[in-house]
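Colleague: Dumping the structure here so I can ask a few things about it.
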Amino acid sequence: MPAPATSLPQEILERTVGVLVDLCGISSASGDLEGLDRIAQRLSREFEARGLAAEVAREADAAGVVQPVLTARGPRADGRYLLLVGHMDTVLDAATPRVEGDRLHATGALDMKGGLAMFLGALDLLKQRGQKAPDDTLLVVVPDEEASGSISERAVRRWGDHARTLLVIEPGEPRGEGETLVAGRRGAAEWRLEASGKAAHSGLAYWQGRSALAAAADWAARAQGLSERGSGPTVNVARLVGGDADFVTDLAHHHDLLGSQRRRNVISDRAVAEGEARFLSPADGERILAALADLAARVAAEHGVSMAFQPRHTAPPVDPNGPGRPLAQRVVELAAARGWPLVMDDDRGGISFPNFITDPARVPVIDGLGPVGDGMHTREEFLDLRSLERRIVLLADLLATL
Ligand SMILES: [Zn+2]
């Protein structure tokens, strides 16, 4: 007989929901420094009360604006540690929270003050059971995740590179009868293609020209065609600009050529394409970038133009078959032992916390540990309180094994 799913004492649930309602009542949209500070201070007190050493540090973002970063650590969270990561900012300003049945309707209830409250609830539950979180537990809560901020990226890299395990307490998703846990997340590589051809009068010397635009367009169509359905890599050509060299290299000054009759009789000698590729394993990333470079060499030869393919910034993927796999499996089993179905999402898109680690292939990562709901980033946002209950128990069970 599995233990009942509702093995969370009522007083712990009520206390957790009470704190969560308070947190959601504090407006903390990205950039709202006063609100973010109030959240950081409030969380700091809650973690101190549960035996973690909390600190609110001040860090400057890319624009030089100083924002709060909360850390809460166990007595031995140095060297290597068990890292939990979350964020305190929301997309929208707070509206008045309200509980209706099993739902908490509030800004940030789902994304992701619910995940922060879940951790508080799990600490309470462990204490009540006479257990505790590992001594090397370290929680980092950043202020600018929803704004794709530099503090988030830097903090996760700084702390994540030395973590023995990374638990991301962002929300999972409802799926069928159950809920998801994120075991795999795509990485992305940005790239740029530059093509140079030979300008010529399209009426007088058509066959002496070499169109950079036609070559780049051919490359772009074939590049997207390298995308694979299912778990394979995908390629997106986000921009393609072609024309005469003046137009392409100084678009700001020559944009008014568009729609005019000027220079339509010039064979294009310049084109630039920019985009990205997304992939689920480092090997897929290397493979797709090599294929794009190889395609550039072939298309350039076919069209008699020159092409330079340049991969740029790369965010590494979390491979669902990487070092986090056994841990994800364990979490699924812990949920099953409590009588509820948790399924692994092996292929989540979007760049998020785990992509900021220098090498996610070296750190076991579990994402989407937080409770589910719906309406993220909208006025319809709500948190499923039954999910909060289940996930508090799940996190406590997990922390007891780590
Ligand atoms: Zn979030």
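The values are calculated or read from the model by the stated rules, or taken from the named source; none is laboratory data. As the structure is a prediction and not an experimental result, all values here were calculated from the model. Cβ: placed from backbone, ideal geometry, glycine included. Neighbour counts: every protein chain shown. Quick note on the areas: whole protein, heavy atoms, side chains included, nothing else; ligands and nucleic acids left out. Shrake-Rupley method; radii C 1.70, N 1.55, O 1.52, S 1.80 Å.
Colleague: Return yes when residue 213 is open to solvent by 60 Å² or more (accessible area, probe 1.4 Å), at pLDDT 95 or above, in a helix (DSSP H, G or I) and farther than 30 Å from residue 364 by Cα and no when it is not.
Modeller: Yes, satisfied.
Colleague: Which condition breaks for residue 133 when tested against (1) more than 24 Å from residue 316 (Cβ to Cβ); (2) small (Gly, Ala, Ser); (3) at pLDDT below 95?
Modeller: Every listed condition holds for residue 133 apart from (3).
Colleague: A further question on this structure: Tally time: how many residues in the stretch 242-289 are open to solvent by 30 Å² or more (accessible area, probe 1.4 Å), in contact with a helix residue (DSSP H, G or I) (Cβ under 7 Å, 6 or more places away or on another chain) and either of a type in the set (Phe, Trp, Tyr) or free of Cβ contacts under 8 Å to residues at least 40 places away in the same chain (or both)?
Modeller: 3
Conditions tested, residue by residue: (1) more than 16 Å from the ligand (Cβ to nearest atom); (2) aliphatic (A, V, I, L, M).
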| residue | (1), (2) |
| --- | --- |
| 45 | yes, no |
| 51 | yes, no |
| 55 | yes, no |
| 78 | yes, no |
| 90 | no, no |
| 120 | yes, yes |
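Colleague: Counting residues that are aromatic (Phe, Trp, Tyr) and closer than 16 Å to residue 194 by Cβ, which helices (runs of 4 or more DSSP H) fully inside the stretch 235-320 reach at least 1? So that I can check it myself, show each step before the final result.
Modeller: Values: elements: 245-249, 251-254, 282-303.
Passing ranges, in order: 245-249.
Colleague: Related question: Pick out the one residue from 235, 182 that is more than 16 Å from the ligand (Cβ to nearest atom), surrounded by 22 or more Cβ atoms within 10 Å (Cβ to Cβ) and β-branched (Val, Ile, Thr). Working first, answer last.
Modeller: Numbers: 182 fails: more than 16 Å from the ligand (Cβ to nearest atom).
None of the others qualify; the one that does is 235.
Colleague: Let me ask you something else. Can you spot a residue in the stretch 338-352 that is open to solvent by 10 Å² or more (accessible area, probe 1.4 Å), among the basic types (Lys, Arg) and at pLDDT 95 or above?
Modeller: Yes.
Colleague: Residue by residue through the stretch 87-107, note down the ones that are farther than 22 Å from residue 56 by Cβ and of a type in the set (D, E, K, R).
Modeller: The answer is 98, 100, 102, 103.
Colleague: Go through the stretch 185-200 and give me each residue that's away from the ligand (no atom under 14 Å from the Cβ) and farther than 30 Å from residue 302 by Cβ.
Modeller: 186, 187
Colleague: Return the residue satisfying two criteria in turn: it lies in the stretch 58-76 and is over 13 Å from residue 139 (Cβ atoms) and among the small types (Gly, Ala, Ser), and of such residues it is farthest from the ligand (Cβ to nearest atom). Let's see the steps before the verdict.
Modeller: Restricting attention to the stretch 58-76, the residues satisfying the condition of being over 13 Å from residue 139 (Cβ atoms) are 58-68, 75-76.
Still in the running and among the small types (Gly, Ala, Ser): 60, 62-64.
Details: 60: 22, 62: 20, 63: 21, 64: 24 Å.
Checking each candidate, the answer is 64.
Colleague: If you don't mind, there's one more thing I want to ask. Is at least one residue of the stretch 29-52 within 22 Å of residue 158 (Cα to Cα), touching a residue at least 60 places away in the same chain (Cβ under 8 Å) and surrounded by fewer than 16 Cβ atoms within 10 Å (Cβ to Cβ)?
Modeller: Within the stretch 29-52 (the criterion being within 22 Å of residue 158 (Cα to Cα), touching a residue at least 60 places away in the same chain (Cβ under 8 Å) and surrounded by fewer than 16 Cβ atoms within 10 Å (Cβ to Cβ)), the answer is no, since none of the residues qualifies.
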